[in-house]
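S.K.: Just passing along the structure, written as structure tokens.
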Amino acid sequence: MGKRFFRLGSPVVRLFLPRLTWRWDVPFDGEPCIFVCNHERAMGPLQMAINFPLREQSRIWIYDGPLHRETFRAYVLQDHWWKEDGFLAPVLNVILPPVLGAIVPPVLRSVPHVPVYHEARAMRTIRESLRILRDEGQHMVIFPEIPTAFGAHETEKINEGFLCLMPMYEHATGRPLRIWPMHMDLEKKEMHVKAPISFDMAQSLPDQVPRLTREVLDGIFT
């Protein structure tokens, strides 16, 4: 089934998603790039997978945990899929993981994606992403915010691992890899794509991480 499942199911899911206006601050240049977006729980990934105008040329970073039934429970409990202190939390913690674990992993695996690993396997994600960017000319879609509770996230930090793709891609191709921040506003029913963020090859990555992080945060949350 794989991608066929995603293609067959997408039109049905699209019927239930809010229709967004896609507003670009500057015209897209068509170069392989990284799109970063606010998560808005499940709505950000759904919109990017189903309605993003460039979805056919993009791969979404998806954490490896929810891709497999065996690791699904541990991932959703640490990722705050529901309120930890809610009245129904003890019941949800028992009932929902096995039910969702039978449904969600195969659906996620059908989405064009790159598995995101942690620790020792993290470079597998980076190498595969670099290969796709360089050899296939596709884009990466990444949700870098760090969840802290149900519906809440860090406001001064992001997961920064993907930033290393910028110098790696330019070293490999001689061309810049830009980040296009996106802010989804469900009240306005708008996805606002901001002007791209560039990397300065004359400076080291560690020296630029604070600036890049700040620009990403400002881009996806405001």
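S.K.: For the range 83-94, just list the computed ³J(HN,Hα) in residue order, Karplus coefficients 6.51, -1.76 and 1.60, θ = phi - 60°, integers in Hz, with x standing in for Gly and Pro.
M.R.: My calculation for the range 83-94 gives 5, 5, 9, x, 4, 8, 3, x, 6, 4, 4, 8 Hz in order.
S.K.: So for the range 144-190, Kirkwood radius off the Cα pairs, Stokes-Einstein at 10 °C and 1.306 mPa s: how many µm² s⁻¹?
M.R.: Working: Rh = 13.2 Å.
Using the Kirkwood radius from Cα pairs, D works out to 120 µm²/s.
S.K.: Charges at C-beta only: +1 for Lys and Arg, -1 for Asp and Glu. How large is the resulting dipole of the range 49-113 about its Cα centre, in Debye rounded to 20?
M.R.: Working: 6 positive and 6 negative charges, 40 e Å.
Dipole of the range 49-113, to the nearest 20 debye: 200 debye.
S.K.: Using only the alpha-carbon atoms, how far is helix 122-131 inclined from the longest principal axis of the chain? Give it as 0 to 90 degrees, nearest 10.
M.R.: 60
S.K.: Note the per residue figure in Å³ for the convex hull of the C-alpha positions in the range 123-222.
M.R.: Details: hull volume 11.8 nm³, N = 100.
Once divided by residue count, the hull of the range 123-222 is 118 Å³.
S.K.: OK, next. Residue by residue through the range 63-68, which ³J(HN,Hα) values in whole Hz follow from phi under the Karplus form 6.51 cos²θ - 1.76 cosθ + 1.60 (θ = phi - 60°), with glycine and proline marked x?
M.R.: Here the 3J(HN,Hα) series is 4, 5, x, x, 7, 10 Hz.
S.K.: Which of Val99, Val76 comes first, and how do the rest follow, when ranked by fewest Cβ neighbours within 10 Å? Can you show the working numbers first?
M.R.: Values: Val99 9, Val76 20.
So the residues, fewest neighbours to most, are Val99, Val76.
S.K.: Let me ask something else. Over 14 Å, how big is the tail of the calculated P(r) for the range 8-61, in percent of all Cα pairs?
M.R.: Here the tail beyond 14 Å accounts for 58 percent of pairs.
S.K.: Fewest first, what order do Asp64, Asp25 take by the number of other Cβ atoms within 10 Å? Don't skip to the end; give the middle numbers.
M.R.: On the way: Asp64 16, Asp25 12.
Final ranking by Cβ density, sparse to dense: Asp25, Asp64.
S.K.: Tell me the trypsin sites (Lys or Arg not before Pro) within the range 1-79 that lie in a loop according to DSSP and have at most 16 other beta-carbon atoms within 10 Å. It would help to have the intermediate numbers written out before the result.
M.R.: Working: sites: Lys3, Arg4, Arg7, Arg14, Arg19, Arg23, Arg41, Arg55, Arg59, Arg69, Arg73; in loops: Arg19, Arg41.
Here the sparse-neighbourhood loop sites are Arg19, Arg41.
S.K.: Springs between alpha-carbon atoms under 10 Å, Gaussian network over the chain: tell me which of Leu163, Leu15, Leu108 tops the mean-square fluctuations.
M.R.: Its mean-square fluctuation being the largest, the pick is Leu15.
S.K.: Which percentage, to the nearest 5, of the DSSP beta bridges contained in the chain is antiparallel? The partial results should precede the final answer.
M.R.: Values: 8 of 27 bridges.
If we restrict to bridges inside the chain, about 30 percent are antiparallel.
S.K.: May I pose another question? Working from Cα positions, state the angle (0 to 90°, nearest 10) between the long axis of helix 3-14 and the longest principal axis of the chain.
M.R.: Between the helix axis and the principal axis of the chain, the angle is about 80 degrees.
S.K.: If I take every Cα pair under 8 Å that is 6 or more residues apart in the chain, average their sequence separation and divide by the length, what percent do I get for the relative contact order?
M.R.: Numbers: 321 pairs, mean separation 67.5, N = 222.
Dividing the mean separation by the residue count of the chain yields 30 percent.
S.K.: Averaged over all directions, how much area does the convex hull of the C-alpha atoms of the range 1-118 cover when projected, in nm²? Intermediate values should be presented prior to the final figure.
M.R.: Details: hull surface 36.2 nm².
Directional mean of the projected Cα hull area for the range 1-118 stands at 9.1 nm².
S.K.: Given a cut-off of 22 Å, what percent of all Cα-Cα pairs of the chain lie beyond it?
M.R.: Values: 13122 of 24531 pairs.
Above the 22 Å cut-off, the chain has 53 percent of its Cα pairs.
None of the figures in this text is laboratory data; all of them are computed from the coordinates on show. Since this is a predicted model, take the numbers as computed values, not measurements. When we count neighbours, we look across all protein chains shown, and the Cβ atoms used for this are built from the backbone with ideal geometry, even at glycine.
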